[in-house]
Amino acid sequence: MKRLILIVLLCIISILAHAQKLKEYKASNGIIYHPGDTVKLGLGSGTNGQFVYMVPNMLNSSSTQLDWIKRRLSRGNVIIKKIKQEETIGMTKTLFYVGAGAAYNLHLDIEAAIESCEVKPCNK
């Protein structure tokens, strides 16, 4: 029963969601980002310094993965692989799909990360 509800919810979300791939994005910190560019990271804004706005491209992320991301990427860099602007139920969000040397990509909510100083330069 839970699986059926999950499948129905995913179908509804996919119908309501609309994504557009971008070749560049001008962020609120004044930087124009392109696929292939390097994004400089600050510290995670979550509990124990974990990144809140950069998460694995998976449905379930373990605390081990989140700790690895924190240790490996705090004040480090990631490379933009894709830039997508997604609209879901009237809200638009820009996501960067970034590589960080792991077997999987990470999703970076760029504007939220800039506001929380997870990305440098940030808006203080």
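The values are calculated or read from the model by the stated rules, or taken from the named source; none is laboratory data. Just so it is clear, the structure is predicted and the values come from calculations on it, not from any experiment. Positions of Cβ are backbone-derived with ideal geometry, glycine not excepted, and every protein chain shown enters the neighbour counts. Protein only, heavy atoms only, side chains kept; ligands, DNA and RNA dropped before computing areas. Shrake-Rupley method; radii C 1.70, N 1.55, O 1.52, S 1.80 Å.
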Run down I32, I15 and say which single residue is modelled with pLDDT of 95 or more and loosely packed, with under 11 Cβ neighbours inside 10 Å. I32
Are any residues in the stretch 52-72 under 15 Å from the mean Cα position of the chain (by Cα), farther than 21 Å from A27 by Cα and at pLDDT 80 or above, and if so, which ones? P56, I69, K70
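Residue by residue through the stretch 38-60, note down the ones that are in a loop (DSSP other than H, G, I, E, B), open to solvent by less than 50 Å² (accessible area, probe 1.4 Å) and in contact with a strand residue (DSSP E or B) (Cβ under 7 Å, 6 or more places away or on another chain).
Listed by number, the list holds a single entry, G42.
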Look through I79, I89, I69 and report the one residue that is surrounded by 13 or more Cβ atoms within 10 Å (Cβ to Cβ), in contact (Cβ under 8 Å) with a residue 40 or more places away in the chain and not basic (K, R). I79
Among (1) of a type outside the set (K, R); (2) modelled with pLDDT under 95; (3) closer than 19 Å to K26 by Cβ, the one test that I114 misses: (2)
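Take the stretch 101-120 and flag every residue that is open to solvent by 40 Å² or more (accessible area, probe 1.4 Å) and not polar (S, T, N, Q).
G101, A103, Y104, H107, E111, E115, K120
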